[in-house]
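Derivation of every value follows stated rules applied to the coordinates shown; laboratory data play no part. Here the structure is a predicted model, which is why all the values come from computation and not from measurement. Note: ideal-geometry Cβ built from the backbone for every residue, glycine included; neighbour counts use all protein chains shown.
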Amino acid sequence: MSGFLQIKNVSNLRLQAQQNVLTQAEGSIKFGSRSYINGVEDACQMIENLIHEECGIFGIYGAKKAAELTYLGLYALQHRGQEGAGIVSSNGERIHQHKGSKEVNEVFFHKDILNKLKGNLAIGHNRYSTTGASSSVNVQPLLIKYKKGDLAVAHNGNLTNSYSLRIAMEKEGSIFQTTSDSEIILHLVARSKKDNVEEMIQDALLKVKGAFSLVFCTMDSLVAARDPHGFRPLALGRLKDAWVVASETCAFDIIGAKYERDIQPGEIAVINRNGIKSYFPFKSVRHAFCIFEFIYFARPDSIIFGDNVDKIRRRLGRQLAKEKPVNADIVISVPDSSNTATLGYCEESGIKYEVGLIRNHYIGRTFIEPEQKIRDLDARIKFNPVRGVLKDKKVVIVDDSIVRGTTSKKLIKMLRAAGATEVHFRVSSPPIISPCFYGIDMPTKEELVASSKSVDQIRKYLDVNTLGYLSLPGMLSMHSLDGRDFCVACFSGKYPTKIEANSGKYILENRC
Ligand code: AMP
């Protein structure tokens with residue numbers, strides 16, 4: 001691979017790019033095991049599109065070969081994180097672990113690996129890494145040895161006071177192995193003066209702020225915890241006598257487990273040979289369930305926050321058709337996250353559903369010769385228009401959200417080039433104006449197209465005939481829960497918790 005610049009640290013790259021160090025550079029870039037593309041700016045953009053801070057977690061207690069079931073659970077949760085996966089298991093005498101910076105089936109590529117993860121207790125984690133070389137240390141579960149023995153944790157969500165906690169601990173001499181906020185939780189547990197691990201975990205979690213859905217593995221217990229706002233989902237299920245917890249219920253379906261209920265906001269559930277025992281140590285606060293899980297992130301076949309994702313997405317699409325009707329020949333979706341909302345739009349509008357864009361699910365193995373410079377390559381790698389469907393048609397394209405607007409702009413260009421006579425863009429959520437600090441990956445405020453442009457300015461930028469977003473009240477009225485129980489900060493700019501000045505997903509990395 002001579003002549004290729006290997007990017008080892010995405011956050012550093014981002015910083016450098018921001019400082020215009022790299023913008024003059026030419027050449028090709030390899031990132032992770034993913035792809036090779038030409039031109040530093042294209043590569044930066046593509047990496048930006050791939051950077052996520054979103055995770056899936058799974059835990060099981062009381063099942064033979066718990067690690068195998070965890071592997072399957074992680075498989076079902078792969079959409080929540082694809083850059084790293086790991087499992088920690090316990091057989092009551094020893095803790096075992098295996099993890100790596102790849103997708104689940106690549107990390108656990110051989111049955112022997114799972115066979116070595118012995119025990120009837122296991123936790124697992126999928127994550128999108130934010131860094132290249134250093135990402136392997138950040139892959140979870142994180143496992144430590146401390147005064148009470150071994151303790152592992154898998155975390156979904158972002159803490160909002162991680163910077164100040166870490167600075168304070170480092171001043172006192174603490175040493176950190178990772179740039180992940182989850183390690184802070186382990187330090188806090190290890191520092192606790194309480195007597196047993198259940199109390200130590202409670203003690204630690206009372207000190208952190210922000211979003212956390214967590215599973216811990218001790219030698220003999222599975223502990224599941226959710227922050228008092230309940231930002232990220234965490235479901236509890238049963239598989240015969242075993243207890244299972246997972247970010248989404250699609251992980252229960254794959255192993256035949258039955259969904260029982262959600263781990264409640266503010267609940268710390270300790271599961272061991274004595275059954276399940278719950279603690280509620282937090283002051284009660286207003287719920288702030290992440291609405292973006294319903295819009296984009298969760299799988300449509302999951303139940304989260306007590307509602308079926310598919311049902312909600314269809315309703316969003318129907319409501320969008322009511323609020324923003326248009327005369328057109330066909331409706332197409334931006335696959336896959338918009339498929340269900342698009343069906344809802346079609347049902348309500350009566351306009352025919354067509355498959356006008358094909359998504360390539362296998363983009364991990366693309367190789368492009370360095371000399372070839374192809375315009376809009378990142379979008380073309382992912383999507384291809386179906387000309388026979390689009391030619392001479394007035395097209396409604398439904399997407400779940402507009403973030404930077406860059407992919408959308410390229411897609412629209414493709415639709416026009418494929419012969420669409422009119423393009424009407426419909427979005428099944430309101431304009432995103434503020435970043436998320438609770439675990440959904442979003443760029444900075446400046447990079448969010450709707451933070452500085454009006455709907456009409458975005459319409460012109462995207463080059464569409466009409467642009468229509470779903471309204472905030474319209475979106476909130478589609479749920480069985482009270483709209484005030486959701487976090488809508490990305491649409492309103494109003495955050496349900498205080499955000500530390502030094503917040504953001506790269507804050508612990510940028511200082512290294
Ligand atoms: P853009 O055209 O750059 O605004 O990207 C919009 C696309 O990004 C939509 O198709 C969304 O489904 C998708 N999207 C929304 N949120 C995220 C996210 N957090 N991470 C990755 N993609 C997202």
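For Arg313, Arg166, Arg127, the sequence from fewest to most other C-beta atoms within 10 Å is Arg166, Arg313, Arg127.
Per residue and in Å³, how big is the convex hull formed by the alpha-carbon atoms of the range 55-285?
On the way: hull volume 25.7 nm³, N = 231.
Expressed per residue, the convex hull around the Cα atoms of the range 55-285 is 111 Å³.
Distances between placed amide hydrogens fall under 5 Å for Tyr353 paired with Val331, all partners being 5 or more residues away or on another chain. With neighbour counts taken as other beta-carbon atoms within 10 Å, the residues Asp378, Asp463 rank, fewest first, as Asp463, Asp378. Could you give log10 I(q)/I(0) at q = 0.18, 0.25, 0.34 Å⁻¹ for the range 208-250, computed by the Debye formula over C-alpha point scatterers of equal weight, without solvent? Those come out to -0.57, -0.94, -1.20, one per q. Computed about its Cα centre, the charge dipole of the range 55-285 is approximately 300 debye, with only Lys, Arg, Asp and Glu carrying charge at their Cβ. Projected label points at Lys148 and Lys207, each 7 Å from Cα along the beta carbon direction, are separated by 1.4 nanometres. By the count of other C-beta atoms within 10 Å, a proxy for reagent exposure, Ile295, Ile175 are ordered fewest to most as Ile175, Ile295.
Cα extents for the range 303-492 along the principal axes, largest to smallest and rounded to whole angstrom: 53, 38, 33.
Placing +1 on each Lys and Arg Cβ and -1 on each Asp and Glu Cβ, with no other charges, gives the range 213-338 a dipole about its Cα centre of roughly 340 debye. Taking the dipole about the Cα centre of the range 303-492, with the C-beta of Lys and Arg at +1 and of Asp and Glu at -1, give me whichever of Gly483, Ile440, Thr421 is farthest to the positive side. The Cα lying farthest towards the positive end belongs to Thr421.
Taking amide H as placed 1.01 Å from N in the peptide plane, Thr178 has no amide H partner under 5 Å among residues 5 or more places away or on another chain. So how far apart, in nm, are the two label points at Lys445 and Leu481 if each is 7 Å from Cα heading toward Cβ? Going from the Lys445 label point to the Leu481 one covers 2.6 nm.
Here the range 303-492 is treated with +1 on each Lys and Arg Cβ and -1 on each Asp and Glu Cβ, and its dipole about the Cα centre works out to around 460 debye.
Once you have all Cα-Cα distances for the range 159-240, histogram them in 10 Å bins from zero and send the whole-percent values. Per 10 Å bin, starting at 0, the Cα pair percentages come out as 16, 48, 30, 5, 1.
Once you divide the Cα radius of gyration of the range 86-132 by 2.2 N^0.38 Å, the number left is 1.20.
Would you mind computing, in nm to one decimal, how far apart the modelled labels at Lys258 and Phe280 are, each placed 7 Å from Cα along Cα→Cβ? Label-label distance for Lys258 and Phe280, simple model: 2.5 nm.
Of all lysines in the structure, the ones whose alpha carbon falls short of 26 Å from that of Lys413, not counting any fewer than 8 places away in one chain, are Lys324, Lys352, Lys373, Lys382, Lys391, Lys393, Lys394, Lys445, Lys453, Lys460.
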